[in-house]
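The values are calculated or read from the model by the stated rules, or taken from the named source; none is laboratory data. Source: prediction; values computed, not measured. Ideal geometry is used to build each Cβ from the backbone, glycine not excepted, and the neighbour counts take in all protein chains shown.
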Amino acid sequence: MTIADMENAVEAILFAAGEEVKLSDIALSLGQDEKTTRTVVENLIDRYDSEKRGIAVIRVEDAYQMCTREDYYDYVKTLYSSPVRRTLSQPMLETLAIIAYKQPITRGAIEEIRGVNADRAVSKLVEFGLVEEKGRLSVPGRPILFGITDEFLKYFGYESCASMPVRPEPDEQLRLEAINEIDGKKA
């Protein structure tokens, strides 16, 4: 493994970790001793400094972390302080619809309806403030019940849950279509 390969590997490790990583863990990951690894990381730090990159690698005791270079902090701060309209992915929209119409509902029930894991979608919806915990189900394990928030209503332009569009249940829809078809044949 070349020095450049090791620097690239350290860069990937620090980026993926998102927090400080002990020198010993980096060395283990590279299959190198700590002295060699320290030299590789310090070279990477020097390279980032000399190129005035937007990111920096900093030392935190006997660990290293990738972070925003201090010179560019204000740009990042501006981005995260400005209101951003959040984009909802298709899985998030599906999960949100299930929660909105079946609330309060557990994650397990959502997954049963969707047929896939809903952890990420539910977590993001909670993070976006569109869904919140409404309590716990009184069964073993006491799973969390989720429901929509006032932010959901504002986001989609509804005054209340009652103003959300209502579609008949699929069985009811089929029944109504059958009745209409039968009535059409009688005429």
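The helices (runs of 4 or more DSSP H) found entirely in region 1-115 that carry 1 or more residues being over 30 Å from residue 146 (Cβ atoms), out of contact with any Ser or Thr (no Cβ under 8 Å at 6 or more places or on another chain) and not assigned by TED's automatic domain parsing to the domain that holds residue 159 are 3-17, 23-30, 34-50, 73-81. Would it be correct to say that residue 121 is modelled with pLDDT of 90 or more and within 18 Å of the chain's Cα centre (by Cα)? Considered against the rule, which asks whether it is modelled with pLDDT of 90 or more and within 18 Å of the chain's Cα centre (by Cα), residue 121 comes out as yes.
Remark: pairs (first residue in region 100-113, more than 18 Å from residue 156 (Cβ to Cβ); second residue at pLDDT below 90; Cβ separation under 8 Å; 6+ apart in sequence or on different chains) = 106/137. Filtered by the rule that a residue be among the hydroxyl-bearing types (Ser, Thr, Tyr) and farther than 13 Å from residue 10 by Cα, region 49-78 gives 50, 68, 72, 73, 75, 78.
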